[in-house]
Structures are given as structure tokens and as C-alpha cells.
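*Asks:* This is the structure I have questions about; it appears just below.
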Amino acid sequence: MNGTSRREFFQHVLLGSEAVAPAKGEQTLVCVFLRGAADTLNMLIPYGDDEYYKLRPTLSIKAPNTELENNDTAIRLDDFYAVHPKLRPLVPIFREGRLGFVQAVGTDNPTGSHFEAQDQMEHGEAYGRTIGCGWLGRYMRTRTGAQQTPLSAVAIGPTIPESLRGAPSASSMKTLDEVQIKTSSGDPRAVSAVMSELYRSEVGVLSQPGKTTLDLLKRVEKLRGIEYKPDGGAIYAEDDFAQGLKEVARMVKANVGLEIVCLDLGGWDTHFFQGGTSGQQAELMKQLALGLAAFDTDLAGLRERLTTLVMTEFGRRVYENGSLGTDHGRGFALMALGHGIAGGKVHGKWPGLSEEDIPGPGGLTVQYDYRSVLSEVLAGVLGHRNLDKVFPDFHPVCIGLVE
């Protein structure tokens with residue numbers, strides 16, 4: 001278990017937690033970051049704009065054709081937009097009204113640097129301004145409700161991302177099985193003895209927090225060594241992304257107090273031989289779609305508690321380059337999935353494919369600051385009322401993404 005030491009784990013749980021299981025209606029926000037700058041123009045395809053096909057003679061995806069729909073044609077969403085055929089597993093969720101897109105989201109960062117754009121987004125900043133902690137860390141510090149545990153905010157992976165920096169407690173792990181204390185005996189008395197030794201205190205004086213800790217540990221212990229069986233016939237692929245979502249589903253069902261989850265899917269920097277309906281980007285889209293679809297199916301009975309955001313640091317140029325790829329751009333299409341999402345539509349006016357008067361790298365003109373999307377989700381889904389503490393001096397605009 002990374003991110004917190006064994007001592008820190010129990011210090012936070014023992015002395016800073018009074019409610020481990022989420023209260024009725026409590027939400028879990030899953031933040032998926034597509035690292036490397038995904039070309040969302042080939043994910044959410046503007047087939048209604050002929051310029052798209054002129055600018056991408058080899059990379060463009062064929063317009064939808066209901067009579068000849070196959071793996072070489074886009075899948076229609078409306079009269080203007082379609083999605084890449086590798087995103088087919090997500091189409092039913094869109095049509096059910098639980099998956100929506102926000103077009104032309106981005107930052108004011110003009111550098112085209114992966115590192116700078118990712119760092120800015122994870123810290124929830126404007127370009128050139130430094131704010132302490134990550135945006136999710138500030139959210140966790142200012143949100144109201146039950147006290148937090150190291151399982152309130154979790155990163156699936158080896159390290160805690162910058163977005164969670166500053167949270168009262170955050171952990172990184174690959175699997176929930178990493179949450180344990182190794183003792184010669186697995187019974188609660190042995191665990192109590194370890195806790196007593198760590199703090200040189202009698203468990204009895206810890207009162208309710210101590211009981212809560214034991215309850216959390218016993219809950220995790222019951223899961224250890226038991227093969228997880230997804231519900232609803234969901235099948236998770238064997239790749240790291242899908243297996244990470246499987247672990248998130250396991251934690252949600254176990255009621256360990258999970259509020260925020262971060263996980264990455266990398267490899268989207270497709271300057272060379274990006275591919276169209278096949279190739280490196282298509283395979284990444286397949287992983288993304290199959291993972292999210294399995295996650296949605298598995299947690300069908302708990303969908304009212306879940307919201308998933310899929311974002312990237314910036315989009316790509318509107319035209320393909322000489323290496324059959326795409327270069328760094330600006331605006332991208334953000335994806336949101338959840339019970340409270342106004343899905344079944346693409347939010348935002350189409351900005352067109354002209355790159356004139358765009359500072360820095362060209363691409364889609366940014367029409368929504370990424371913080372407006374995040375603010376709407378924090379306020380509308382999580383009920384957060386201290387947005388000025390999360391995004392200081394920022395005034396979000398209404399998008400309509402949350403119902």
C-alpha cells in the first residue's frame with residue numbers, strides 16, 4: 001500500500017474517522033485521465049462538417065451509414081456527431097441518457113507542453129498562477145460531511161496524482177488486498193494488539209473511532225483471497241485499465257467509504273501512424289470503451305452513486321500531419337457518465353475547424369474552461385458549496401451537463 005505509511009493509515013482512520021461506510025446518497029467520483037493528449041476529433045466525430053474529411057484525408061472515420069454500418073464506419077449519435085466504432089460499447093449508455101459529452105473543453109495554456117498542461121489541470125489553475133494542492137485535494141479539504149479515511153480518496157496505480165495532493169488523506173494502490181496489517185494471527189484481537197502497540201494506547205480508550213477502524217479492517221479482510229465476481233454478466237478485459245476499474249467496483253460494493261478515485265490510461269500522444277479505425281489510437285479507445293462499459297454493467301444497482309469523468313490535457317490539431325498522425329492542439333471533448341449527467345447529447349456549440357486567431361498550438365477553439373465542467377460536477381452531483389475554495393477567483397459558466 002503506497003501513499004500512506006502503516007502508521008499514517010491508522011492515525012487517519014483511528015483519529016479522523018467516525019463513519020466509514022458512505023451515507024445513503026453519498027457519491028463516488030471516478031476521474032479518468034487520458035495522458036498524452038487524446039485526439040478526441042476521432043473519438044467524437046463531427047461528420048456533419050465536410051471540412052473534417054478534407055483536413056484528414058487518411059485519418060478521418062467514414063460517416064455513419066445505417067444500411068452498411070460496420071467496423072469501418074462511425075456510429076451515429078445525432079445529425080452532426082458520431083463516435084468511433086471502437087467506442088461502440090458506450091453507445092447504449094449514451095442512448096439511455098447516462099453518457100454525455102462536452103465539446104471544446106480546455107485550458108488557457110498556450111505552450112503545448114504535456115507536462116505543463118497536465119500540471120495545470122491537476123492543480124485546477126489558470127495559466128501562470130500557482131495554487132497549493134490539487135483540485136481534488138482542495139475539494140476533500142473543504143467538503144462537509146463524515147470524517148475521512150485513507151480509503152476516501154484513492155488512486156489506482158503506483159503513486160498519488162497531483163490532483164489529490166493536499167487531501168487530508170489519500171492512498172495509492174493497485175488492489176484493495178494491499179490494505180492490511182501482517183500479524184501471526186488474523187483475528188481482530190491480533191489487529192487490536194498491533195494498533196495498541198503503534199499508539200501505545202489501549203484500544204478501549206479509542207472508543208468509536210477504534211471500533212470503526214476494526215470494522216473497516218474486518219470488512220477488507222473478508223474480501224481478501226475471495227475471487228471477485230462482477231454482477232450483471234460484466235466481463236473486464238485483462239488490461240491494466242479494465243482491471244483498475246474492476247478494483248474500483250470491488251471497493252464501491254464493499255462500502256469502504258470511497259469518495260474519489262483517480263486512474264490513468266496513457267499512450268495517447270499519436271504524432272506518428274495514429275491510425276483510423278485500426279492502429280494505436282483505436283486500440284486505446286477499445287480499452288477505454290470496454291473498461292467503462294464493464295464498470296457500468298457491474299455497478300448497475302449502484303449507478304445513482306457513481307459519476308465518471310474522462311478528460312485529457314489538450315486535444316490535437318484539426319489536420320493530420322505528414323507522419324500520418326496528429327500534433328498538439330487545444331480543445332478536446334470531455335466525456336461524463338453517471339446517473340445525474342444530462343446524457344444523450346453533446347453539450348456546447350461546435351466551434352468549427354478554423355485555427356485562425358488561436359494562441360499557441362492550433363486545434364479546436366476552447367469554448368469551456370475545464371474548471372467550469374469540474375465545478376458543475378462538484379456542485380451539481382457532489383453538492384459542494386465551497387467552489388471558491390476549490391477554484392479560487394474563478395467564475396464558472398453554466399454548461400448544463402448535470403441534470
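*Asks:* Quick one: in segment 160-171, which of the residues that are among the small types (G, A, S) and in a loop (DSSP other than H, G, I, E, B) is surrounded by the fewest Cβ atoms within 10 Å (Cβ to Cβ)?
*Replies:* Filtering segment 160-171 for residues that are among the small types (G, A, S) and in a loop (DSSP other than H, G, I, E, B), the one surrounded by the fewest Cβ atoms within 10 Å (Cβ to Cβ) comes out as G166.
*Asks:* What number of residues in segment 383-403 are part of a loop (DSSP other than H, G, I, E, B) and in contact with a strand residue (DSSP E or B) (Cβ under 9 Å, 6 or more places away or on another chain)? Full working, then the answer.
*Replies:* Initial filter on segment 383-403 (part of a loop (DSSP other than H, G, I, E, B)): 383-386, 391-401, 403.
Those left that are additionally in contact with a strand residue (DSSP E or B) (Cβ under 9 Å, 6 or more places away or on another chain): 394, 396-397, 399-401, 403.
Adding up the residues that qualify gives 7.
*Asks:* So, in segment 246-262, how many residues would count as being outside any helix (DSSP H, G or I) and buried (at least 22 other Cβ atoms within 10 Å of the Cβ)?
*Replies:* The qualifying residues number 7.
*Asks:* Pairs only if they're at least six apart or on different chains, beta carbon under 7 angstrom, first in segment 262-291 and closer than 20 Å to D327 by Cβ, second of a type in the set (D, E, K, R); list them, first residue then second.
*Replies:* Cβ pairs passing all conditions: G266/R35; W268/R35; T270/D39; H271/D327; Q274/D39; Q281/D39; A282/K86; M285/K86.
*Asks:* Okay, next question. Of the residues A63, A74, which single one is surrounded by 23 or more Cβ atoms within 10 Å (Cβ to Cβ) and either under 20 Å from the mean Cα position of the chain (by Cα) or within 17 Å of N42 (Cβ to Cβ) (or both)?
*Replies:* Values: A63 fails: surrounded by 23 or more Cβ atoms within 10 Å (Cβ to Cβ).
The conditions single out A74.
*Asks:* Go through segment 129-159 and give me each residue that's of a type outside the set (D, E, K, R), surrounded by fewer than 24 Cβ atoms within 10 Å (Cβ to Cβ), touching a helix residue (DSSP H, G or I) at 6+ places or on another chain (Cβ under 9 Å) and farther than 22 Å from L245 by Cβ.
*Replies:* T130, I131, G132, C133, T142, Q147, listed by residue number.
*Asks:* Another question, then. Here is a check on your reading of the model: is A293 of a type in the set (A, V, I, L, M, F, W, C), at pLDDT 95 or above and open to solvent by 40 Å² or more (accessible area, probe 1.4 Å)? Give the steps one after another, and end with the answer.
*Replies:* Working: of a type in the set (A, V, I, L, M, F, W, C): yes; at pLDDT 95 or above: yes; open to solvent by 40 Å² or more (accessible area, probe 1.4 Å): no.
So A293 does not fit the description; no.
*Asks:* Condition first: under 19 Å from G137 (Cα atoms), open to solvent by less than 10 Å² (accessible area, probe 1.4 Å), of a type in the set (S, T, Y) and modelled with pLDDT under 95. Can you find one or more residues in segment 1-15 that meet it?
*Replies:* No, every residue in segment 1-15 fails to be under 19 Å from G137 (Cα atoms), open to solvent by less than 10 Å² (accessible area, probe 1.4 Å), of a type in the set (S, T, Y) and modelled with pLDDT under 95.
*Asks:* Still on this model: Among the residues of segment 332-382, what is the count of those that are closer than 25 Å to I93 by Cα, open to solvent by 30 Å² or more (accessible area, probe 1.4 Å) and part of a strand (DSSP E or B)?
*Replies:* Of the residues in segment 332-382, 1 are closer than 25 Å to I93 by Cα, open to solvent by 30 Å² or more (accessible area, probe 1.4 Å) and part of a strand (DSSP E or B).
*Asks:* Still on this structure, I have one more. I'm trying to understand the selection: among the residues of segment 118-160, which are in contact with a strand residue (DSSP E or B) (Cβ under 7 Å, 6 or more places away or on another chain) and among the hydrophobic types (A, V, I, L, M, F, W, C)?
*Replies:* The answer is L136, M140, L151, A153, V154, A155, I156, I160.
*Asks:* Here's something else I'd like to know. How many residues are more than 20 Å from the chain's Cα centre (by Cα) and in a loop (DSSP other than H, G, I, E, B) when one looks only at segment 266-324?
*Replies:* Adding up the residues that qualify gives 18.
*Asks:* Restricting the first residue to segment 115-134 and requiring it to be more than 16 Å from K389 (Cα to Cα), which pairs with a second residue that is small (G, A, S) and buried (at least 17 other Cβ atoms within 10 Å of the Cβ) meet a Cβ separation below 7 Å and a spacing of at least six or different chains?
*Replies:* Hits for this filter: zero, empty list.
*Asks:* How many residues are over 21 Å from L288 (Cβ atoms), among the aliphatic types (A, V, I, L, M) and open to solvent by 10 Å² or more (accessible area, probe 1.4 Å) when one looks only at segment 303-331? Steps first, answer last, please.
*Replies:* Step one: list which residues in segment 303-331 are over 21 Å from L288 (Cβ atoms), which gives 304-305, 317-324, 327, 330.
Next, from what is left, pick out any that are among the aliphatic types (A, V, I, L, M): 318, 324.
Those still in the list that are open to solvent by 10 Å² or more (accessible area, probe 1.4 Å) too: 324.
Residues in segment 303-331 being over 21 Å from L288 (Cβ atoms), among the aliphatic types (A, V, I, L, M) and open to solvent by 10 Å² or more (accessible area, probe 1.4 Å): 1 in total.
*Asks:* Here's something else I'd like to know. What pairs can you find where one residue is in segment 378-397 and among the charged types (D, E, K, R), the other is assigned to a helix (DSSP H, G or I), and their Cβ atoms are less than 6 Å apart, with a gap of 6+ or different chains?
*Replies:* Close Cβ pairs (under 6 Å, with a partner that is assigned to a helix (DSSP H, G or I)) amount to K389/T142.
The values are calculated or read from the model by the stated rules, or taken from the named source; none is laboratory data. This one's a predicted model, so the numbers in the text were calculated from it and none came from an experiment. Note: ideal-geometry Cβ built from the backbone for every residue, glycine included; neighbour counts use all protein chains shown. The area values use the complete protein model at the heavy-atom level, side chains included, leaving out ligands, DNA and RNA. Shrake-Rupley method; radii C 1.70, N 1.55, O 1.52, S 1.80 Å.
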